[in-house]
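A short write-up of the structure that comes next.
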Amino acid sequence: CEVKFRKADQIKAMHRLDSQLIELDKDLAGANSGDAVEEIRQRIAAREEALLPIYLQIAHEFADLHDRAGRMKAKGVIRDQLDWKRSREYFYWRAKRRLQEVAIGKRLREVAPQKSYAEVVSAIREWMADCDWDDDRAVSTWFSENREAIDGKIEALRVVGITQSVKDLMSSLSSEQRQDLLRDI
C-alpha cells in the first residue's frame, strides 16, 4: 500500500509533534559552536530516522480508516456495507433499479422539461409512497408492477404541460386575436 505522505511532510510533522525533536530544535537554535550544531543535527537525524517507520505506519492506518466500509457508511458516502456473498444480487438489483429510474426520469423530463433531476426523483418518490425507497429490489419490483400507473401519471403531466402552454400562448394574444382563434377552432 502506497500512501502519499512524503518524507519531507513526515519530517515536518515530526518536528511539530515530537517533544524530543522540539527540544532539539530549540537547542539547535541556541547553539553557538560548530561542533555543538553538528552534534545536535546528528541527534535530530537519528531521531527522524527512528520515527520514520512509525509515522509511515500511522499514515497507513489513517488511510485505511478512510477506506473502511463502516467509516464510509457513517459519512454517508455509501448506503450499505456489502457482503461479498450477496454482492452479485446486490448489484443486479441496484443496476436494474437505477436503469428503470433513469428511464422513467427521462420520460418525465420529456413531458416536463422545466423540472430538474431532483424534482423528477422527488416526483417519482411521491408516486411510490408505499414503497421503501432505499430497498432497490422493492423499488425495481414496484416500477415493474406499476407501469400502467406510471404511464398514466406521465400522461397526466403531459396534458398539464400542454394546457399550460396553450394558456400562456392565449394570454400573449390580444383579445381580438383570441376571438379570431377561438372562432377558427
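The values are calculated or read from the model by the stated rules, or taken from the named source; none is laboratory data. These numbers were taken from a predicted model, which means no experiment stands behind them. Virtual Cβ from ideal backbone geometry, glycine too; neighbours counted across all protein chains shown. Calculation scope for accessible area: heavy atoms of the full protein, side chains included, ligands and nucleic acids excluded. Shrake-Rupley method; radii C 1.70, N 1.55, O 1.52, S 1.80 Å.
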At a Förster radius of 25 Å, what calculated FRET efficiency corresponds to the Cβ-Cβ distance of ASP168 and MET128, to the nearest 0.05?
0.20
Relative contact order of the stretch 10-84, pairs being alpha-carbon contacts under 8 Å that are 6 or more residues apart, as %:
23
Distance from a point 7 Å along Cα→Cβ of ASP180 to each backbone N in the stretch 142-164: keep the residues under 19 Å and list them by number.
none
Between GLU38 and LEU99, what is the spin-label point distance in nm, taking each point 7 Å from the Cα along the Cα→C-beta axis?
7.4
Would you kindly state the longest site-free stretch of the chain, with sites defined as trypsin sites (Lys or Arg not before Pro) in a DSSP loop (not H, G, I, E, B) surrounded by at most 14 other Cβ atoms within 10 Å?
80-185
Which one, (1) 18.4; (2) 16.8; (3) 23.6, gives Kirkwood radius over Cα pairs in Å as derived from the coordinates shown?
(3)
Helix-only mean residue ellipticity at 222 nm for the chain, each DSSP H run of n ≥ 4 adding -39500 (n - 2.57), per residue, nearest 500:
-26000 deg cm²/dmol
Leaving out ligands and nucleic acids, note down the accessible area per residue over the stretch 1-77 with a 1.4 angstrom probe, in whole Å².
75
